[in-house]
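The values are calculated or read from the model by the stated rules, or taken from the named source; none is laboratory data. Since we're looking at a predicted model, the values are computed, not measured. For neighbour counting, all protein chains shown are included, and Cβ atoms are generated from backbone atoms with ideal geometry for every residue, glycine included. Heavy atoms of the whole protein, side chains included, go into the accessibility calculation; ligands, DNA and RNA do not. Shrake-Rupley method; radii C 1.70, N 1.55, O 1.52, S 1.80 Å.
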Amino acid sequence: MFFTASAPIARRSAYAPALRSLDRFLDDALTVARTAAANVSEDDKAWTLAIDVPGVSREQLAIAIEGATVKVETVEGAPRQYKKAYEFAQDVDAAASSAKLEHGVLTLTLAKLVPESKATTLAIN
């Protein structure tokens, strides 16, 4: 009768990448839970995004709007680091949107971009 240790080691090594992936997933989930809380609400004309960023001043925040994606991050040297992107169902109208920082809460009012109709009418001869 022969006993070999290679079979159990081979099985464990086959599952190791999946376990590492699970560990990374759980670490990321816990990190997100520890980061700033964000609340999103919506009406017919805009989304309102409220993000907790205590201890961060207006000068230490950078907000970028590109299409339907809004990126919020702190600049280097801020007491807290925050970097997050939010994607919405339709494009955001950057010109009609606004941001307000009050008592450690960044409130973004993001206007929905009304899609323009590109339909043309043809004259019937």
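Summary table
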| quantity | calculated |
| --- | --- |
| ASP44 accessible area, assembled protein chains, probe 1.4 Å, Å² | 150 Å² |
| Full-extension gain in nm, ALA68 to ALA89, via 0.36 nm per residue minus C-alpha separation | 6.9 nm |
| Lysines with Cα under 27 Å of LYS100, excluding same-chain neighbours fewer than 8 positions away | LYS45, LYS71, LYS83, LYS84, LYS112 |
| Solvent exposure, largest accessible area first (probe 1.4 Å, DNA, RNA and ligands not counted), of LYS83, LYS118, LYS112 | LYS118, LYS83, LYS112 |
| Rel. contact order, % - alpha carbon contacts under 8 angstrom, at least six apart, segment 44-125 | 33 percent |
| Surface accessible to a 1.4 Å probe, per residue, for the residues of segment 49-125, Å² | 70 Å² |
| Cβ-Cβ FRET estimate between GLU42 and THR120, R0 fixed at 30 Å, reported to 0.05 | 0.40 |
| Phi to ³J(HN,Hα) by Karplus 6.51 cos²θ - 1.76 cosθ + 1.60 over segment 57-64, Hz, x for Gly, Pro | 8, 4, 5, 9, 10, 10, 10, 10 |
| Placed amide H near LYS112: partners under 5 Å, 5+ positions off or other chain | ALA46, TRP47, ASP93 |
